[in-house]
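Peer 1: My questions all concern the structure below.
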Amino acid sequence: MSRHRSRHDIRHHTPQGPRCRTLFRTPEFTPLFLAGSAHTAAQTVAGLGLATLVLRTTGSPFLSALALFGPSLAQFLGATTLLSAADRLPPRAALSGIALFFAAGTAVLAVPALPAWAVFAVLFAEGLAASLGGGVRYGLLNEILPREAYLLGRSVTNMAAGACQIGGFVAGGLLVALLSPRGAVLAGAGLHLAAALPARLGLGARPPRAGGRPSVAATRRANALLLSVPARRRCYLALWVPNGLIVGCESLFVPYAPERAGLLFACGAFGMLAGDAVVGRFLPARLRGRLRFPLQALLAAPFLLFALDPGPPLALAAVTVSAVGYGATLLHQERLTALVPEELSGHALGLHSSGMLALQGASAALAGALAQYASPRTVMVLLALASLAVTFLLARADRRETKKSAVRGVSDMTTLQSVPALGTRPAAGSLPSRAET
């Protein structure tokens, strides 16, 4: 008997909808969950240690920040060159191999007297690997879980990532204080090594989701194909731009209120966890499509209060409420998975993840540059207004296309049925959808 339970079997065992305990009874979900959580904790601990080490070595706040956020920016290049491998590699071998690569690379970063150029070369390579790892991980999650459980699965993994980041920063700070920044980096390398164990021992030997050899040309061809349909373009823009601009707001917490920055970050993490929990577990399916954009608008709206220079209680409340809006990301992810074919699910989700992180890093850099010429709270308000404007335009375009589809009497998914096979030159149509709305 195969060790992989089919989607049909999982649906049969969850007639009243997915539950968290059902997720962890699903074969392969637990090892994938543990590997992803260990990877997040490792990046957080090692990143904090490395940023501190670079600051002490070079005295440059810019290089210190680049050490922390540089790998996110490198993911953009990975999304345009490596992502075709996300669906063309065996998931178990890819995830365990990437974890071992991170363990080795992070250990190299702890080498004494390592030149700055070598540090950033390793970080650049890790950023490229992370773009591929995200595609493999999320594509496998989409393969393991049935469609009705995917939203809850992403909610649980997102909440775990948030908790691991909070714990990782606390643990990293203690390691820096009690041991040294280099000790924190080595601890991160150990966590990356630990992430390889559940991936190698707990995941099954699944074949690649797509055939053919990975290449830069295949990556760019698939990216063009994914972005050739307006509905998918709107999904990607909604997943990248409004959220990225709000991360730019959050990147100014330290200059805005140095003595309360930690509390502001903690409130944001709490709001994000609450939003993911509510959307993933309690939001009825009939409301998800309607609330995608209103919930995303909640991300930006509370930051407009910073124009009034609010006191600490109101500022903390605004940040908490704003972060609840990150739950809209789950709804856009669910929409995206319904618009792409099975053989491109890893590539499509990897493109989302890499683009999101790249936009967040770019928005943080933009916010820092603007804050050189205006107050942090003024920049926060400007970025929030830009985020609201993008959300409004995307929502209006979505409503317009929905009305056109209703007039034609054809659903949005049906219009995506006719498309060339993967590997051929895209015609005027698009990829076939995997589900009907």
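The values are calculated or read from the model by the stated rules, or taken from the named source; none is laboratory data. Every value quoted in this text rests on a predicted model; they were computed, and no experiment measured them. Virtual Cβ from ideal backbone geometry, glycine too; neighbours counted across all protein chains shown.
Peer 1: If I ask for residues that are more than 30 Å from Arg213 (Cα to Cα), among the hydrophobic types (A, V, I, L, M, F, W, C) and touching a residue at least 24 places away in the same chain (Cβ under 8 Å), which ones from region 318-364 would you list?
Peer 2: Matches in region 318-364: Val319, Val321, Ala323, Val324, Ala328, Leu330, Leu331, Ala362, Ala364.
Peer 1: From (1) surrounded by fewer than 23 Cβ atoms within 10 Å (Cβ to Cβ); (2) touching a Pro at 6+ places or on another chain (Cβ under 8 Å); (3) not acidic (Asp, Glu), pick out the condition that doesn't hold for Leu299.
Peer 2: For Leu299, the failing item is (1).
Peer 1: Just one of the numbered conditions (1) within 15 Å of the chain's Cα centre (by Cα); (2) surrounded by fewer than 24 Cβ atoms within 10 Å (Cβ to Cβ) is not true of Gly361; which one?
Peer 2: Failing condition for Gly361: (2).
Peer 1: Can you confirm whether region 344-352 contains a residue that is crowded, with 19+ Cβ neighbours inside 10 Å and more than 18 Å from the chain's Cα centre (by Cα)?
Peer 2: If we filter region 344-352 for residues that are crowded, with 19+ Cβ neighbours inside 10 Å, which is where we start, we get 344-352.
Next, from what is left, pick out any that are more than 18 Å from the chain's Cα centre (by Cα): none.
The answer is no, given that none of the residues of region 344-352 is crowded, with 19+ Cβ neighbours inside 10 Å and more than 18 Å from the chain's Cα centre (by Cα).
Peer 1: If you take the residues of region 266-287 that are within 18 Å of the chain's Cα centre (by Cα) and not small (Gly, Ala, Ser), which of them is farthest from Leu152 (Cα to Cα)?
Peer 2: Ranking the candidates gives Phe270 first.
Peer 1: Looking at Gly139, Gly188, Gly135, which is the one that is of a type outside the set (A, V, I, L, M), at pLDDT 80 or above and out of contact with any His (no Cβ under 8 Å at 6 or more places or on another chain)? Let's see the steps before the verdict.
Peer 2: Values: Gly139 fails: out of contact with any His (no Cβ under 8 Å at 6 or more places or on another chain); Gly135 fails: out of contact with any His (no Cβ under 8 Å at 6 or more places or on another chain).
Just a single option satisfies the conditions, and that option is Gly188.
Peer 1: Condition first: surrounded by fewer than 24 Cβ atoms within 10 Å (Cβ to Cβ), of a type outside the set (S, T, N, Q) and in contact with a Cys (Cβ under 8 Å, 6 or more places away or on another chain). Now tell me which residues in region 318-331 satisfy that.
Peer 2: Passing the criteria: none in range.
Peer 1: In region 290-308, is there at least one residue being under 22 Å from Pro146 (Cα atoms) and in the same structural domain as Ala389 (by TED's automatic domain parsing)?
Peer 2: yes
Peer 1: If we keep just the residues of region 223-247 that are touching a Pro at 6+ places or on another chain (Cβ under 9 Å) and among the hydrophobic types (A, V, I, L, M, F, W, C), which is surrounded by the fewest Cβ atoms within 10 Å (Cβ to Cβ)?
Peer 2: Once the filter is applied, the top-ranked residue is Ala224.
Peer 1: Let me spell it out: the conditions are (1) touching a Cys at 6+ places or on another chain (Cβ under 9 Å); (2) over 23 Å from Ala315 (Cα atoms), and Leu357 meets all of them except one. Which number is the exception?
Peer 2: (1)
For every residue, the table says whether it meets (1) assigned to a helix (DSSP H, G or I); (2) crowded, with 23+ Cβ neighbours inside 10 Å; (3) over 21 Å from the mean Cα position of the chain (by Cα); (4) at pLDDT 80 or above.
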| site | (1), (2), (3), (4) |
| --- | --- |
| Thr40 | yes, no, no, yes |
| Ala46 | yes, yes, no, yes |
| Leu50 | yes, yes, yes, yes |
| Arg56 | yes, no, yes, yes |
| Leu63 | yes, no, yes, no |
| Gly78 | yes, yes, no, no |
| Arg92 | yes, no, no, yes |
| Ala99 | yes, yes, no, yes |
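Peer 1: Follow-up. Does any residue in region 189-208 that is under 29 Å from Val111 (Cβ atoms) and in the same structural domain as Leu100 (by TED's automatic domain parsing) come within less than 9 Å, Cβ to Cβ, of a residue that is among the aromatic types (Phe, Trp, Tyr) and part of a helix (DSSP H, G or I) six or more places away or on a different chain, and which pairs are these?
Peer 2: Ala189/Phe102; His192/Phe101; His192/Phe102; Leu193/Phe102; Ala195/Phe102; Ala196/Phe102; Pro198/Phe33
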